[in-house]
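Just below is one structure, and these are the notes that go with it.
The values are calculated or read from the model by the stated rules, or taken from the named source; none is laboratory data. Quantities reported herein were computed from a predicted structural model and do not represent experimental measurements. Positions of Cβ are backbone-derived with ideal geometry, glycine not excepted, and every protein chain shown enters the neighbour counts. When the accessible area is computed, the model is the full protein with side chains, heavy atoms only, and any ligands, DNA or RNA have been set aside. Shrake-Rupley method; radii C 1.70, N 1.55, O 1.52, S 1.80 Å.
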Amino acid sequence: MDNKNKEVIDAIEAPIYLKYNFTAGLAPARFLSQLKQGVLTGQRCPKCDNVYVPPRGSCPACGVATEEEVVLGDKATVQSFTIVSIPIPGNPIQPPYIVANLVPDGANISFIHLMSECVNEEVRIGQRVTAIWKPKEEWDFAMDNIRYFKPLDEPDVPAELIGHLSVNGTEN
Amino acid sequence: MVKDSLLQKEYELGFTYTRSTGPVVGKFLTGLKNRQIFGNRATDGRVIVPPMEYDPETFQPLNDFVQVSDAGVIESWCWVSKPRSSHPSAVPFAWAMIKLDGADISMIHHIVTNEQNRVVTGARVKALWIDQPVGFISDIRCFVLEED
């Protein structure tokens, strides 16, 4: 917006910038360090056995620390998704695109990531997908080392089993 | 795990709002663009600067705009010896309540001077305008002390 050529001012830019210095913490730092090596990991609760990804260092249900690191596969299951049709300022991705809650094999909760190389209208809950990683030389301490997930030619996972598959994709 | 292995990263979250001014604040900002300062007259006759949209006592809409001077008197002040990045001045300055000539209510702005001892209640100051006003409060770069 430019008020220079306006005779009557009726609007002003009033941005608010919040500057953070984010500290990842022990569990996320481990997670991100593994991501830099191209490995997706979670942490298992010693009490309820749930595997959390990304790990926060504790189990929110049991209130105990999670120490055991679990290497997860590249394959995941769509738990839910949305087709984004409206451009978001500052986001370089052109709509329509898919944002999905994905449960990686071996984990019990989902994380949010992009889906691509898919027919948007055919994306569905229970669909099998796999991670497409960036070239190794671009890997950083970042979740977007995985560029997106693309559909796999595998049978859908029944709704009641989503979030309950072992790391090799079989029913626990 | 040693502390060095903790990961840190700076990031900035920006809410890039554009705000509508409404007609009253818009009138004030439009005035600034023309190096003029407008207040408006309250129901009891006082001139309020910057103008208010509604009377503080009767809650009636206020439309009677009055141009006031860009010079006035320090009513109170607070010296800032170590300005922070979000402050309007990089050098030491004073926040001040300034009652402009023609106004009955003082307005907050800041005074820049290298004569800190002359910043006193009752001292006269005048607006220093930027070269190309755009219709924003910072069109008044700062207030400066009038010569004795």
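Could you work out what % of the accessible surface of the protein assembly as shown is carbon and sulfur, using a 1.4 angstrom probe and leaving DNA, RNA and ligands out of the count?
Working: 9670 of 18550 Å².
Here carbon and sulfur together make up 52 percent of the probe-accessible area.
Note on chain A: GNM, Cα springs under 10 Å; of A:A159, A:A14, A:A131, the largest mean-square fluctuation is that of A:A14.
For the peptides A:88-97, B:126-135, residues were scored by their other Cβ atoms within 10 Å and the scores averaged per peptide; the highest-first order is B:126-135, A:88-97. In the range B:13-53, the inverse of the mean reciprocal separation of distinct Cα atoms equals 11.5 Å; this is its Kirkwood hydrodynamic radius.
Structural descriptor for the range B:7-55: relative contact order 28 percent, calculated from alpha carbon pairs under 8 angstrom and at least 6 residues apart.
Taking the DSSP beta bridges in chain A as the whole, what percent of them are antiparallel, to the nearest 5? Walk me through the intermediate numbers first.
Details: 29 of 30 bridges.
DSSP beta bridges in chain A are roughly 95 percent antiparallel.
Please give the total accessible area that chains A and B bury against each other, computed with a 1.4 Å probe and expressed in Å² to the nearest 100. Separately minus together, A and B give about 2400 Å² buried. Helix B:22-33 and the longest principal axis of the Cα set of chain B meet at an angle near 90°.
Could you list, in their original order, any pairs among A:K47/A:K150; A:K4/B:K99; A:K19/A:K75; A:K47/A:K134 whose Cα atoms are separated by more than 30 Å? It would help to have the intermediate numbers written out before the result.
Values: A:K47/A:K150 34 Å; A:K4/B:K99 28 Å; A:K19/A:K75 35 Å; A:K47/A:K134 36 Å.
Among A:K47/A:K150; A:K4/B:K99; A:K19/A:K75; A:K47/A:K134, the Cα-Cα distance tops 30 Å for A:K47/A:K150; A:K19/A:K75; A:K47/A:K134.
Once Rh for the protein assembly as shown is found with the Kirkwood sum over Cα pairs, what is the Stokes-Einstein diffusion coefficient at 10 °C and 1.306 mPa s, in µm²/s?
For the chosen part, D equals 64 µm²/s.
Partner shielding of A:17-27 amounts to 4, given as the average count of beta-carbon atoms from other chains within 10 Å of each residue beta-carbon. For the pair the range A:133-172 / the range B:39-71, the C-alpha centres are spaced 63 Å from each other.
Protein heavy-atom accessible surface, 1.4 Å probe, per residue over the range A:26-161: 52 Å². To the nearest 10 degrees, how steeply does helix A:26-36 sit against the main Cα axis of chain A, on a 0 to 90 scale? Helix A:26-36 sits at roughly 90 degrees to that axis.
If you count only protein heavy atoms with a 1.4 Å probe, what accessible area per residue comes out for the range B:35-106, rounded to a whole Å²? All intermediate terms of the calculation are to be shown ahead of the outcome.
Details: 4050 Å² over 72 residues.
For the range B:35-106, the solvent-accessible area averages 56 Å² per residue.
For the residues A:L161, A:L35, A:L114, a GNM of chain A with alpha-carbon springs under 10 Å puts the largest fluctuation on A:L161.
If a/c stays under 1.5 just call it rounded; otherwise compare a/b with b/c (prolate if a/b is bigger, oblate if not). Do that for the range A:102-150, with a ≥ b ≥ c from the square roots of the Cα gyration tensor eigenvalues. The shape class here is oblate.
In percent, how large is the relative contact order of the range B:20-145, given Cα pairs closer than 8 Å and 6 or more residues apart?
Details: 283 pairs, mean separation 30.6, N = 126.
24 percent.
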